[in-house]
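The values are calculated or read from the model by the stated rules, or taken from the named source; none is laboratory data. Since this is a predicted model, take the numbers as computed values, not measurements. Every residue, glycine among them, receives a Cβ derived from its backbone with ideal geometry; neighbour counts consider all protein chains shown.
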Amino acid sequence: MGLIRKSMSLSTLGVVDFRSDKERIARSSRRTDKAVRAQTKAQAEQHAAQMQAVAAQAQAQLAATSQIQNAATHQSQIAALQQATPPARQAPPAGWYADPQGAESLMRWFDGAQWTEHTQPRQ
């Protein structure tokens with residue numbers, strides 16, 4: 001930046017440019033390069049975030065597929081066990097029965113699942 005150019009710019013109140021064409025071009029190039037670097041960096045960060053999202057989605061799909069396969073395997077194992085084991089013996093229906101605890105003169109109420117404390121004399 002020449003001293004003469006600066007003096008002329010001040011004395012003409014800005015009619016004469018402060019910087020030469022070469023200086024203006026260099027300054028514009030620096031600004032453009034800086035903007036391009038910032039835009040490239042932002043695009044790289046956006047791309048990285050998209051790749052992470054895709055990886056997370058693929059991981060979730062893999063986990064879901066694995067769960068479905070595990071569920072199918074478990075269901076087939078359960079079906080095989082149900083076919084291999086005989087059906088469980090069903091309990092007698094609710095009602096009065098001879099006391100299983102040994103008192104021959106009493107009848108005890110069975111509620112269909114368990115013996116209760118209710119008793120009555122045998123008829």
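The requirement of being loosely packed, with under 10 Cβ neighbours inside 10 Å and either closer than 30 Å to residue 5 by Cβ or assigned by TED's automatic domain parsing to the domain that holds residue 8 (or both) is satisfied by residue 84. Flag: residue 116 does not match the condition of being surrounded by fewer than 11 Cβ atoms within 10 Å (Cβ to Cβ), among the β-branched types (Val, Ile, Thr) and without any contact (Cβ under 8 Å) to a residue 60 or more places away in the chain.
Sort out which residues of the range 23-40 are within 16 Å of residue 3 (Cα to Cα) and either touching a residue at least 60 places away in the same chain (Cβ under 8 Å) or surrounded by fewer than 11 Cβ atoms within 10 Å (Cβ to Cβ) (or both), and write them in order of number. Listed by number, the list is empty, since nothing qualifies.
Selection within the range 87-103: residues that are within 16 Å of residue 121 (Cβ to Cβ) and among the hydrophobic types (A, V, I, L, M, F, W, C). The member of this set that is modelled with the highest pLDDT is 96.
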